[in-house]
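The next block holds one structure in the form of structure tokens; read it before the comments.
No value in this document is a laboratory result; all are computed from the given coordinates. Keep in mind that this is a model prediction, so the values were computed, not measured. Note that we place each Cβ from the backbone using ideal geometry, even for glycine, and neighbour counts take in every protein chain shown.
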Amino acid sequence: MIDFSKLDRVIHEKGRLGIVTLLASRGESWTFQDLKAGLQMSDGNLSTHLRTLEKAGYVDSRKVGGRGRPQTHYQLTRAGRKTFESYLSVLEEIVDLGK
């Protein structure tokens, strides 16, 4: 029997799963603009998903100054990475049960 309730509902949504996947794909942070381009999301949609992930403790943000406007950088927290790894494990279990 497949227990879909083990899938974390916060990151299971398509947009948030995309964000978490990109953030997990490299060890460094991503700027808002890089995430927006990589995911082809609108500013408002991306902001809403990032706020949800931050509220859950899965993503941290920081503003970085420099030339021109400051940029906001995002990265997975330790809890976010652990949750994503658990999420992937559950997906693997589901796939293995289907074989």
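Here the extension length gained between residue 86 and residue 51 equals 10.5 nm, from 0.36 nm per residue of separation less the Cα-Cα distance.
Only helices enter the 222 nm calculation for the chain: every DSSP H run of n ≥ 4 contributes -39,500 (n - 2.57), and dividing by all residues gives -17500 deg cm²/dmol, rounded to 500.
The count of lysine pairs in the chain with alpha-carbon distances below 22 Å, taking only pairs 8 or more places apart or on different chains, stands at 11.
Of 58, 87, the sequence from fewest to most neighbouring Cβ atoms within 10 angstrom is 87, 58. Note on 32, 4: ascending count of other Cβ atoms within 10 Å places them as 4, 32, the fewest first.
Of 54, 85, the sequence from fewest to most neighbouring Cβ atoms within 10 angstrom is 85, 54. Taking +1 at the Cβ of each Lys and Arg and -1 at the Cβ of each Asp and Glu, which of 89, 29, 53 sits farthest along the dipole of the chain towards its positive end, judged by Cα position relative to the Cα centre? Value computed over the given set: 29. Label positions at residue 6 and residue 64, each projected 7 Å from the Cα along the C-beta direction, are separated by 3.7 nm. Think of each Lys and Arg Cβ as +1 and each Asp and Glu Cβ as -1; about the Cα centre, that makes the dipole of the chain roughly 480 debye.
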